[in-house]
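The values are calculated or read from the model by the stated rules, or taken from the named source; none is laboratory data. If you're wondering where the values come from, they're calculated on a predicted model, not measured in any experiment. Cβ placement follows ideal geometry from the backbone for every residue including glycine, while neighbour counts extend to all protein chains displayed. Accessible surface is based on the protein model in full, side chains and every heavy atom, while ligands, DNA and RNA are left aside. Shrake-Rupley method; radii C 1.70, N 1.55, O 1.52, S 1.80 Å.
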Amino acid sequence: MIRVQGLHKSYGMQQVLKGVDLTLQKGKVLVIIGPSGSGKTTLLRCLNLLEMPDKGSLQLGSVSLIFQEGSKLPTKEVLNLRKQTGMVFQSFNLFPHLTALRNITEAQITVQRRRRNDAEQRARQLLENVGLADKADFYPSNLSGGQQQRVAIARAMAMEPEVMLFDEPTSALDPELVGEVLKVIKQLAAEGMTMVIVTHLMRFAAEVADHVILMDEGLIVEEGPPHDVFHNPKSSRAQQFLNMLAE
Amino acid sequence: MSERQIQIITDSFWPLLKAGVIYTIPLSLVSFALGIALAVVTAMVRLYAWEPLKWIAGFYVWIIRGTPLLVQLFIIFYGLPSVGLTIDPFPAAVIGFTLSVGAYGSEIVRAAVISIPRGQWEAAYSLGMTHIQALRRIVLPQAARVTIPPLGNTFISLVKDTSLAAAITYVEMFRQAQQIVARTYEPLLLYGEAALIYLMFSTILSALQNTTENRLGRSSIS
């Protein structure tokens, strides 16, 4: 489903990704962990081209892209890739001027050209799936953080993506609201959604991941099944990081 | 105050108010509507267009903001005929005020668009929207709310500035007052009365601005 090879990204002189390779099978969950500044969010954002990689290749679903410094991808290719991915942001980024329902129908109507009725029906179904059937007509400002993030998940799912990307989806939430969002993500995993999740929650990572990668300074320093990465890390950098978390 | 003065005030009130309602207000509305359209186009050009177009838009804003409105009106009405372009008072006034609202308004619109957080664009992009779709469906509707208070001010200023059209022979409310003064020799009374009617208009507009803000603000406080 996803194959990334030799991905590089720099901001000016600062190299954020220094050659990242990864593969992910359909229906699997990949969790990316690592200290802040390790490049995990940048890697995730490269998967839907919110960040444009400088070098390397990316294959995702039916789209296959090669990045070269100085050459710009055609807009059509970028849009094509984005249509196969859904993204959930740390800060939700719901559209504040639209109700929960309209947040979910907007792109269905403008991007996928669905009829309003169909889009609304789909949106209501998704709201029900995330436990917010009764909040359809609420504006984001009247929803809690956990509720907003669940609407954001429904909004991304409405586009029927091949892969869902989660960028620290619970980091901006009050502790008591984290559980309701994790529950929805676990539910998606159980339904066989292909997902890439950046998170700081190690217990959640261990529970939901099929494969874990640990990044540090723009490189993957450890990867494997969650049990191996968490309990039997091979690299010293991974041991260090996990020890630090254990304290 | 003499009986004659009271008579002049009461006799002139309706003609002045009428001139306000049928000349000042329409001139303001037409100029404002056209000006806002121009402001949005100018703002979009300055934000997103091809470099030379950005430069032209910047030049336009620079010229209009850097010269007095009265001088601009004189150039349009008295100046252009010498190059063979004669424009009637009403269209000349509309052109002048539209250019002015367009220039000041474009900065308001531009600032509002810039104020929308980057995350809104990213969310729209992540859903597969193009730049234009994200702008039209997500960013501009939010930016529009931000522009309401400053554009409300622009409109109130415009209503008062239309009195400048008197100088290019357009008979709006202030010109009407001047004409009555020419007959009655009561400048203090008549200009005071005109000022009062402008004040009335401004007050009504401020109230409208507040209700619009409250109505639109309901869903956007986050």
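Can you say whether B:T147 is surrounded by fewer than 16 Cβ atoms within 10 Å (Cβ to Cβ), in contact (Cβ under 8 Å) with a residue 12 or more places away in the chain and in a helix (DSSP H, G or I), as far as the supplied structure shows?
On the way: surrounded by fewer than 16 Cβ atoms within 10 Å (Cβ to Cβ): no; in contact (Cβ under 8 Å) with a residue 12 or more places away in the chain: yes; in a helix (DSSP H, G or I): yes.
Against the criterion (surrounded by fewer than 16 Cβ atoms within 10 Å (Cβ to Cβ), in contact (Cβ under 8 Å) with a residue 12 or more places away in the chain and in a helix (DSSP H, G or I)), B:T147 does not qualify.
From the residues in segment B:94-138 that are among the hydrophobic types (A, V, I, L, M, F, W, C) and touching an Asp or Glu at 6+ places or on another chain (Cβ under 8 Å), which one is nearest to A:R82 (Cα to Cα)?
If we filter segment B:94-138 for residues that are among the hydrophobic types (A, V, I, L, M, F, W, C), which is where we start, we get B:94-95, B:97, B:99, B:101, B:103, B:108-109, B:111-114, B:116, B:121, B:123-124, B:127, B:129, B:132, B:134-135, B:138.
Filter once more, so that each one left must be touching an Asp or Glu at 6+ places or on another chain (Cβ under 8 Å): B:97, B:127, B:138.
Numbers: B:F97: 44, B:L127: 7, B:I138: 17 Å.
Filtering first and then ranking leaves B:L127.
Which ones in segment A:211-247 are in contact with a helix residue (DSSP H, G or I) (Cβ under 9 Å, 6 or more places away or on another chain), more than 16 Å from A:S38 (Cα to Cα) and open to solvent by less than 70 Å² (accessible area, probe 1.4 Å)?
The answer is A:H211, A:P226, A:V229, A:F230, A:P233.
Going by the conditions given, is B:G79 in a helix (DSSP H, G or I), in contact with a Lys or Arg (Cβ under 8 Å, 6 or more places away or on another chain), more than 16 Å from B:V159 (Cα to Cα) and modelled with pLDDT of 95 or more? Spell out the reasoning first.
Working: in a helix (DSSP H, G or I): yes; in contact with a Lys or Arg (Cβ under 8 Å, 6 or more places away or on another chain): no; more than 16 Å from B:V159 (Cα to Cα): yes; modelled with pLDDT of 95 or more: yes.
No; evaluated as a whole, the condition is false for this residue.
Can you list residue pairs whose Cβ atoms sit under 9 Å apart, with the first residue in segment A:34-46 being at positive phi and the second being in a helix (DSSP H, G or I)? Count only pairs 6 or more apart in sequence or on different chains.
A:G34/A:K40; A:G34/A:F241
Somewhere in segment B:93-112, is a residue within 14 Å of chain A (Cβ to nearest Cβ), assigned to a helix (DSSP H, G or I) and surrounded by fewer than 22 Cβ atoms within 10 Å (Cβ to Cβ)?
Applying the first criterion (within 14 Å of chain A (Cβ to nearest Cβ)) to segment B:93-112 yields B:112.
Checking which are assigned to a helix (DSSP H, G or I) leaves us with B:112.
Next cut, surrounded by fewer than 22 Cβ atoms within 10 Å (Cβ to Cβ) only: B:112.
Yes; the residues of segment B:93-112 include at least one that is within 14 Å of chain A (Cβ to nearest Cβ), assigned to a helix (DSSP H, G or I) and surrounded by fewer than 22 Cβ atoms within 10 Å (Cβ to Cβ).
Looking at segment B:23-34, is at least one residue over 16 Å from B:G102 (Cβ atoms), touching a Ser or Thr at 6+ places or on another chain (Cβ under 8 Å) and not hydrophobic (A, V, I, L, M, F, W, C)? Walk me through it before giving the result.
Just the residues of segment B:23-34 that are over 16 Å from B:G102 (Cβ atoms), to begin with: B:23-26.
After this cut, where a residue has to be touching a Ser or Thr at 6+ places or on another chain (Cβ under 8 Å) as well, the list is B:24.
Checking the rest, the ones that are also not hydrophobic (A, V, I, L, M, F, W, C) come to B:24.
Yes, segment B:23-34 has at least one match.
Among the strands (runs of 3 or more DSSP E) lying completely within segment A:63-171, list those that include at least 3 residues that are touching a residue at least 24 places away in the same chain (Cβ under 8 Å), buried (at least 17 other Cβ atoms within 10 Å of the Cβ) and not aromatic (F, W, Y).
Working: elements: A:63-67, A:85-88, A:163-167.
Correct list: A:85-88, A:163-167.
Please work out which one of (1) more than 14 Å from every other protein chain (Cβ to nearest Cβ); (2) modelled with pLDDT of 95 or more is the condition B:R183 fails and give its number.
(2) is the only condition that B:R183 fails.
Go through B:V45, B:V71 for me and flag whichever is assigned to a helix (DSSP H, G or I), free of Cβ contacts under 8 Å to residues at least 40 places away in the same chain and open to solvent by 40 Å² or more (accessible area, probe 1.4 Å). Outline the logic, then answer.
Details: B:V45 fails: open to solvent by 40 Å² or more (accessible area, probe 1.4 Å).
Within the list B:V45, B:V71, the selection yields B:V71.
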